[in-house]
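Here's the structure we're looking at; comments come further down.
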Amino acid sequence: MISAQSLAKNFTIQTVGKLLSIFLGLVTIAIITRALGAEQFGEYTTVVTYLQFFGILVDFGLTLTILVMISEKGADEEKIVGNFLGLRLISGFLLFALAPIIVFAFPYSTTIKQAVLFGAFAYFLMGGASLLVGVFQKHEAMWRAALGELINRLVLLVTIVILAWFQFGVVAFVASAILANAVWFWFMIRFAKPFVHVRPKFELAVWKTIFARTWPIAVSIIFNLMYLKGDILILSLFRSQTEVGLYGVAYRIIDILTVLPMMFMGLLLPSLTLAWTNGDHDQFRSRLSRTFDVFMIAVIPIIAGAQILGTELISFIAGPGYEQGGEVLKVLILAIFGVFVGTLFGHLVVALNKQRAMIFGYATAAALSVAGYFYVIPVYGMYGAAWMTVFSEAFIAIVTFVVVYRTSKALPHLGAFLKSVFAALVMTGFLLVTPSMHVLLEVIFGALIYFMLMILIRGIKMEDVRLMIPSRGKGKVESRK
């Protein structure tokens, strides 16, 4: 089982890598938004969202299931990884071959349809690279996955800078991901060599086992698609591409923040699975409660700060012409609470092997959300889409919590949550009364006030802070075969 020190070390390494990747990603988006303008960035957002729809569908729950299967006792890791990769390559080829054909059924511009053709290949490559993250999670070697992603972001940024310099358009910007993702896939295979020899396998008997394990997750993912990506796709059908661009800029912030709980839970899932299957329910409940505390400490100030600094932050990132996206962000950011809670309990559902129990919940969320999107978007546009997104994330958070509680009877403590709310309110008060300054300075100032107050009121304990800082010479980062 992963020790607290090992978890802290891997989380620290992955956090540093992810922060660098986020920085490179934000610089990339800043260049794209300025080079394209709101309308063309709306087209770019439509293409990316359309392809993400297929990308999530291709995943079929494999990324989550591979981590669980290779973490089980006696698992033949090379055989499992090879067959997962073979299955991903075949399913990815079939679905991404359909993407450029199906897009002709939509009333999109020629530019969007051409961009989908190039982008489909880029997302096919990305699927192979992302699948291998589970190998590094199991072996506590997330620095390798973080480095692979950093290389991907850097190659993409350099390519985007060149394209922007020569004033290329939407199609070229989408196609630039082909090179970046190909490099990423190659490096992920090379980085995995100390643990497993990665080569695709096509053993139908193993595939049947994989399907038996992953289909409940896959069905849930299909329903997830309807409420996760339905907002932008439906918005692109009823409103202008300029409005899609404004909404898309705000949604990029949400996408970035979503990475944080997913990253942490990806590291914690093997330990949670072993704790529950081995009957160590006290350890399971303890980790649930402490993770909830960490998530609340992180998410509450983000939501509060965005209400004050949302418009300034969007203008700083995307440039002039995107100010209205900041107002949308103030609504969308509320969904982050549901995202963090839903990610925590969604992973716990997998650890408890209760994926089938969630199918009805995801189906209900999908039906309500899609119906809501079709009702509110034609009338209220991006603001209607934002509020429906808040609703859908909150609904999923509640459903996953209920499933986990019924099985484990585990409840998080609310002490850290209440202290976070108090500290965040004080932080926003200071931000409102202090003289105006650059938005980055305001973010830093607000964060300092919040965390200093949290330490003062024991919302954050110094022993927990020290735990998150790896000690020299303690523990291995990697496990070799």
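Values quoted throughout were computed directly from the atomic coordinates according to the rules given, and no laboratory measurement underlies them. A quick note: this is a predicted structure, and the numbers were derived from the prediction, not measured. Glycine also receives a Cβ, built like all others from the backbone with ideal geometry; neighbour counts cover every protein chain displayed.
For the reader, a short list of remarks on this structure follows.
- Label point 7 Å beyond Cα of Val379 along Cβ direction - residues of segment 235-268 with amide nitrogen under 18 Å: 235, 238-239
- In loop segments of segment 59-138 as defined by DSSP, the GluC sites (Glu not before Pro) with at most 15 further C-beta atoms inside 10 Å of their C-beta are Glu72.
- Across Lys208/Lys354; Lys354/Lys409; Lys354/Lys419, pairs whose alpha-carbon gap is larger than 25 Å: Lys354/Lys419
- Partner aspartates and glutamates for Lys138 [C-alpha distance under 12 Å; skip if fewer than 8 residues away on the same chain]: Glu72, Glu77, Glu478
- Inter-part distance where segment 139-185 and segment 314-332 are each reduced to a Cα centre, Å: 24
- Rounded to the nearest 20, the size of the Cβ-charge dipole of segment 1-202 about its Cα centre is 360 debye, with Lys and Arg at +1 and Asp and Glu at -1.
- Taking 0.36 nm per residue of separation and subtracting the current Cα-Cα distance, fully stretching the chain between Leu154 and Phe211 would add 17.0 nm.
- For the chain, the membrane-span-like helices by this rule, meaning whole DSSP H stretches whose C-alpha atoms cover at least 15 Å of axis and whose Kyte-Doolittle mean is 0.0 or above, are 4-59, 77-102, 110-131, 142-165, 177-191, 204-228, 241-277, 281-318, 335-351, 355-408, 415-433, 439-456; this says nothing about an actual membrane.
- Mean Cα-pair separation over length for the chain, i.e. relative contact order, pairs under 8 Å, 6 or more apart, %: 23
- Stretch in the chain that is longest and holds no chymotrypsin sites (Phe, Trp or Tyr not before Pro) that DSSP places in a loop and that have at most 16 other beta carbons within 10 Å: 203-481
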